[in-house]
């Protein structure tokens, strides 16, 4: 068998999302029970020429309607920073806010609560582009950008107020939309040396299932069902990559090599350089780091076993499809991050760029902060027979660290606010498929805290202190990456991520085409998720039940080309999502100064269409 000059080591380093162009092994026409032995079907792509460009990405159109996403809660608070309170990260419609129900708005009777608004609708689009320039056999450059990154359709009309646009006195007169910027996410270069691959630049960072580090550049699961994955690189739209809204991108220098059958990756991240200095009199002068002491530095490694090279991928397909052997992929991942000092400017974060005038107002504060992250990942797959497959994948992450002094403003008279960090979480995804049917199972757990700083973006979102502003000496509230999709409503948007929670989710699916025989996609999924709080004292309602969510999803498409899915989710929230007011008779303690009686969380639903073109 001839070999191709490919980046075998850099192909798909799972820890670092070292994805990209890999010469994939393909079998013509797919695999069916009547095909000849798999090895006889293997064909090699034509020898590449240099320089050449390989292009991947997707275009996504996603309209949706959310009903009662605010859980029917718009509670006033005695605290000025919270004009309305809801246990959901989805804000109430503006008609429910205080300023539209009295005060200075003379249209309150027409625009306020009497409208009974409870739904919000809209649509977003995204065009993700990821070209790779293969300069030579050993050098390549990769670039990732989003055009209209989650752009809300209709959100940027040519109207900026009557003064700025006298010809468009009201937004109802808008005739066009203003242009939007291009977002650059990645730009890195790779060099294949005799001993490994060196990669430098801004790049996606991904590991395992994506609980902690999630690059949003493809995954091995698509809404519970495993994709046909034998190793190598993933395209941005693979698995649930096309559903991603968030990603980890790191300014990184990484080296990857292979030692005695195992892949080893070492990397150094430039997380934050702190205050940068520029010369205001020199427009052509580059910025410089004003001090190394305020830098946030990070070092990491990944040791793992999975097929990457062409020979390994062919061997994996033979083991699964011909020999029916079980195969195990695994890896360990660790990072260490530290910061000695940080900068503040009159009690707030210092600007990213400072000139000589700004520097005199920049204060240095001791932090003595560090954290270690350890992560274990396992994936097992076995064909029980040609048309029966079992796949299970799991990840567990543990964080341990300390902040020597978390005081917001340097002060010699105040005692150091030391914080200890200890968080953990894990998730499991399992699947059993037989011909046209599938049974899937998801489960996970994330450690919690008792600070009542609930959710990711909602009121009371505090990390270092509790909801009352008192010091939180032990930070134990783990937050899964927001891009790790568990459901379509509760964790995705109401809470914002899996945090202070456990969940189990069985799913039953039916497909018009067997999972092994065709590129056509047509089917439906029905799932139910049960979720609870790890620490009830950390929730707005001091409750143990987060809720139950039902989801029905139908889809049609063709693998690697397009997919359209329509999902309906219905949430029955639990007592953990109640907003406890000052008149609560159970004496559970009101949440963030809520005024009045306790408002229980109401049911919510979401209807979402996702249509994706892949390339």
Rounded to the nearest 0.05, what FRET efficiency do residue 195 and residue 293 have when you use their Cβ-Cβ distance and R0 = 25 Å? 0.15
Relative contact order (percent, whole number), the chain, Cα cutoff 8 Å, 6+ residue spacing: 14
Rotationally averaged projected area of region 176-215 (alpha carbon convex hull; nm²): 5.2
Starting from the 7 Å offset along Cα-to-Cβ, what nm value, one decimal, do you get for the label separation of residue 177 and residue 550? 3.5
Where in region 239-264 is the amide nitrogen less than 17 Å from a point lying 7 Å along the Cα-to-Cβ axis of residue 325? 261-262
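For region 551-606, compute Rh as the Kirkwood radius over C-alpha pairs and then the Stokes-Einstein diffusion coefficient at 37 °C and 0.692 mPa s; write the answer in µm²/s, rounded to an integer.
229
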Global form of region 509-615, assessed from the alpha-carbon gyration tensor, a/c cut-off 1.5: prolate
Under the rule rounded for a/c under 1.5, else prolate if a/b exceeds b/c, else oblate, using alpha carbon gyration tensor axes a ≥ b ≥ c, region 176-259 is classed as oblate
Value of D in µm² per second that Stokes-Einstein yields for the chain, Kirkwood Rh from Cα pairs, at 20 °C (1.002 mPa s): 80
Gained length - residue 435 relative to residue 65, 0.36 nm times residue gap less alpha-carbon distance: 129.8 nm
Tell me, in nm to one decimal, what length is gained between residue 133 and residue 336 on full extension, where the rule is 0.36 nm per residue of separation less the Cα-Cα distance? 69.8 nm
Percent of Cα pairs exceeding the 13 Å cut-off, where the set is region 466-526: 74
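Subtract the Cα-Cα distance of residue 114 and residue 387 from 0.36 nm times their separation in residues, and report this length gain in nm to one decimal.
92.5 nm
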For region 501-522, list residues with backbone N below 13 Å from a point placed 7 Å from the Cα of residue 530 toward its Cβ? 502-506
For region 467-583, what does the relative contact order come out to in percent, with C-alpha contacts under 8 Å and a separation of six or more? 21
Distance from region 125-150 to region 533-577 (C-alpha centre basis), Å: 32
Using Cα atoms only, what is the angle between the long axis of helix 310-321 and the major principal axis of the chain, expressed in degrees (0 to 90) to the nearest 10? 90
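Bear in mind these aren't lab numbers, they're just calculated from the coordinates by the rules spelled out. Here the structure is a predicted model, which means the values were calculated and not measured. We place every Cβ from the backbone using ideal geometry, glycine too, and count neighbours over all the protein chains shown.
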